[in-house]
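The values are calculated or read from the model by the stated rules, or taken from the named source; none is laboratory data. Predicted model, so just to flag it, every value in this text is computed and none were measured. Note that each Cβ is placed from the backbone with ideal geometry, even for glycine, and that neighbours are counted across all protein chains shown. Side chains are part of the model used for accessible areas, which takes the heavy atoms of the whole protein and leaves out ligands, DNA and RNA. Shrake-Rupley method; radii C 1.70, N 1.55, O 1.52, S 1.80 Å.
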Amino acid sequence: MATASDGDKGAAAPPQLESFLAIGLDQRTAENALANRKVTANLTAVIAEAGVTGCDKSVGNLLYTVATKYPANALVHRPNLIKYILSEKIKNSAQLDAALSFLSTLGPDSLDPVKFEEACGVGVVVSFEEIQLAVSDVLNENMEAIVEQRYRINVGSLCGQVRKRHPWGDAKLVKEEIEKRLMEILGPKTEADNAKPMKKKKEKPTKVEEEKTVAAPPSEEELNPYSIFPQPEENFKVHTEIFFSDGNIWRAHNTKSILEKHLKVTGGKVMTRFPPEPNGYLHIGHAKAMFIDFGLAKERNGHCYLRFDDTNPEAEKKEYIDHIQEIVTWMGWEPYKVTYTSDYFQDLYELAICLIQKGLAYVDHQTPEEIKEYREKKMNSPWRDRPIEESLRLFEDMRRGLIAEGKATLRMKQDMQNDNKNMADLIAYRIKFTPHPHAGDKWFIYPSYDYAHCLVDSLENITHSLCTLEFDIRRPSYYWLLVALGQYQPHVWEYSRLNISNNVMSKRKMLHPLVLQLNRLDTDKWVDGWDDPRLLTLAGLRRRGVSSTAINSFIRGMGITRSDNSLIRVERLEYHIREELNKVAPRALVVLHPLKVVITNLDHGTIINLDAKMWPNASDDDASAHYKVPFSRTVYIEQSDFRLKDSKDFYGLAPGKSVMLRHAFPIKCTEVIYGDNPDSIVEIRAEYDPSKATKLKGVLHWVAEPSPGVEPLKVEVRLFEKLFLSENPAELEDWLGDLDPQSKEVIKGAYAVPSLANAVLGDKFQFERLGYFAVDSDSTPERLVFNRTVTLKDSYGKAGPK
């Protein structure tokens, strides 16, 4: 393992293009290698280990593969592999792939040459006659497809079948032999062979009774998304390679003694942490982080800290701390311990002293503007090489509050000439004369995130430090500090950030100004706070009626990946919400925009109490699964469920037409009562069929007067649409201008069945034909408020009647 004694890093010229061309690489490959700093360093090291200034192209291509694909945990064996290549004991890509796989599994353990050579086919000679025989067998087995498809047959698949018989055979010879034999079988290509294949139109499948098919068994990762993470005792491998501008490389890994000490403290348990900044409310992206951090610890019978990353005393608030603790519990997670970065301020300060003493940190007096300029120009600070004793004295003055804010910082002495800006002497400490909400007024200096995060991970013996992909570029600086101080190194793994369409996820850049700034305006209150149901904050989702189990199901369904950083459509989240609510939400009848219907053939004062099912599959004998619905002379239907002019695709009510009232009777429109103008319909008159003899397609939801002249239960209903018009408002310069002014509709005069009068906060329902709804926190005993959680169908379908 490299140590801080490697010294300061200076600028150096990149490797010459000629050295890459000399080993047989083509011009384009060599230039691409130079464009990638990591490949350049690795290929230069491989050529040096090979001790060659020129070689055959086939050997050079294999050396290039070693430089780009060699497993970092087995670097000790790389010189041996290179010897096998130069001696042509390993002479093709199939052998090399097998060798790399073997070494990746082996790691730094001792190499058994016999097992290694057996695994990668050293000494195995596949004759041309053997290749010819295998090709003949494969072609005979596929002859029917060859005759049918001719030259459109998949040659790659045929080569693969030969390779299964002779994995160490020359792939080029195999392909050439197959193509030669196909020519002998099929003859020269015809005009039809050369023609582009016509795209067949998709035919509608004939409706037949579907045969039951056996689904493919789920993969290990689908069954257990945490299976991708290594065990704590495996944390001896190289975590990352830190490349310096002078060509030096630090290969960060735990020594045997450091790892043994760590395992003794933890008992070999998985230790993770969920480290939010207490400067705002958590959003659904944090739900993914919790699922990974807490979920991994739970799956491995380990522990997960809830650690508040409170390095900025000006941003933290108790409101946010209380919210985060409460929402973590609501999401179904139980922290092992609740800690704060500020709990470790003394440890971090002492480690900073150690870093200065090693000559790897210095007190700097550049302004933020000067630091930015020097970083862009890759220039060292004029104070970078000041004496160690001077930096120690000035840092002590900073701690005691003897230097004004903005007049000094402590910076890590990393690599100002590095292409990675996150290695450009990052700030470790800055001065702030602000009392800390948790640590009090003891400190006048506070550590930066870049300095504190990795060290507190190490101090808490975290086994898996998990974060989103935008932190991938910070990985070198993370390990630089741990290597420099000789600290235990957690296993860092980055996963794709959760981005959901038609909303904003950045707490710092977007949610803060959206919630805090716009809400100061009297006229343009786009959102109503951190828990606005249109936001994807966890508080907003909960208020909307979304459960933590639905959120976790959505997260689990996406898996834990590094590759997919694309925009996830909000409909995917809504699917999981809808799936759960369909099982748990009892049904009820509510009319949003009431239209009065008078049943003329029902006597005045008659009330028929009907049984309505709370669940579609409820047994008729189960009284607990039913609720009472009064049917009286005056009922109300949706205004949109009535038209003066009927049509084939409309299943609502129209003059002379009959429809079925849900859980009740068929009714037939007999008269329309208009208001002051022909477009104003104030009342429908209808007759009901008590025999229910008529079978009808149209089924409407409705609410009746519970007793003569008494208005139905009036409730307020809030309908929410997507907050932003664009799928990805974060890409827009004027993203606030993309807010949808129609994203919230408040309906104050909706009618509901009497059973809903007892609804309380936390209750959720399916309002039949309308969607899923939840009681809002604004509700009072006198005024119930319901939020629409999600529609019955996604945005590609239609809810309600045609």
Residue ID - modelled with the lowest pLDDT, chosen from residues in region 142-192 that are more than 20 Å from GLN95 (Cα to Cα) and acidic (Asp, Glu): GLU191
Some residue of region 760-772 being over 39 Å from the mean Cα position of the chain (by Cα) and closer than 30 Å to ILE599 by Cβ: no
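Determine, yes or no, whether LEU610 is of a type outside the set (Val, Ile, Thr) and more than 15 Å from ALA704 (Cβ to Cβ).
no
Yes or no: PRO712 over 30 Å from ALA759 (Cβ atoms) and touching a residue at least 60 places away in the same chain (Cβ under 8 Å)?
Numbers: over 30 Å from ALA759 (Cβ atoms): no; touching a residue at least 60 places away in the same chain (Cβ under 8 Å): yes.
Here the answer is no, as PRO712 does not meet what is asked.
Out of all the residues in region 93-119, which are of a type outside the set (D, E, K, R), assigned to a loop (DSSP other than H, G, I, E, B) and open to solvent by 30 Å² or more (accessible area, probe 1.4 Å)?
PRO108, SER110, LEU111
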Condition check for THR329: at pLDDT 95 or above and touching a strand residue (DSSP E or B) at 6+ places or on another chain (Cβ under 9 Å): no
Enumeration of residues in region 146-179 that are open to solvent by less than 30 Å² (accessible area, probe 1.4 Å) and among the small types (Gly, Ala, Ser): GLY160, GLY169
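Going by the structure shown, is VAL66 in a helix (DSSP H, G or I), over 39 Å from the mean Cα position of the chain (by Cα) and modelled with pLDDT of 85 or more?
Taking the combined requirement at face value, the residue does not satisfy it.
Conditions tested, residue by residue: (1) basic (Lys, Arg); (2) over 26 Å from GLU234 (Cα atoms); (3) surrounded by fewer than 18 Cβ atoms within 10 Å (Cβ to Cβ).
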position	(1), (2), (3)
GLY24	no, yes, no
GLN27	no, yes, yes
THR40	no, yes, no
GLY51	no, yes, yes
GLY54	no, yes, yes
TYR64	no, yes, no
PRO71	no, no, no
ALA74	no, no, no
Hits in region 237-261 - residues which are touching a residue at least 60 places away in the same chain (Cβ under 8 Å) and not in a loop (DSSP other than H, G, I, E, B): THR240, GLU241, ILE242, PHE243, ILE249, TRP250, ARG251, ALA252, ILE258, LEU259, LYS261
Unmet requirement for SER640, which otherwise passes all of (1) of a type outside the set (Phe, Trp, Tyr); (2) without any contact (Cβ under 8 Å) to a residue 12 or more places away in the chain; (3) loosely packed, with under 15 Cβ neighbours inside 10 Å: (2)
Failed criterion for PRO801 (all others in (1) under 23 Å from LEU661 (Cβ atoms); (2) modelled with pLDDT of 95 or more hold): (2)
In region 367-383, residue farthest from PHE433 (Cα to Cα) [restricted to those that are hydroxyl-bearing (Ser, Thr, Tyr) and in a loop (DSSP other than H, G, I, E, B)]: SER381
First in region 597-611 and under 18 Å from VAL629 (Cβ atoms) and among the acidic types (Asp, Glu), second anywhere and open to solvent by less than 90 Å² (accessible area, probe 1.4 Å) and in a strand (DSSP E or B), Cβ under 7 Å, 6 or more apart: ASP611/HIS626
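Would it be correct to say that TRP443 is aromatic (Phe, Trp, Tyr) and more than 30 Å from TRP250 (Cα to Cα)?
Yes: the conditions hold for TRP443.
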Strands (runs of 3 or more DSSP E) wholly inside region 653-736 containing at least 3 residues that are more than 41 Å from the chain's Cα centre (by Cα) and buried (at least 18 other Cβ atoms within 10 Å of the Cβ): 658-661, 666-674, 681-688
Residue in region 742-757 that is free of Cβ contacts under 8 Å to residues at least 12 places away in the same chain and either open to solvent by 40 Å² or more (accessible area, probe 1.4 Å) or in a loop (DSSP other than H, G, I, E, B) (or both) present: no
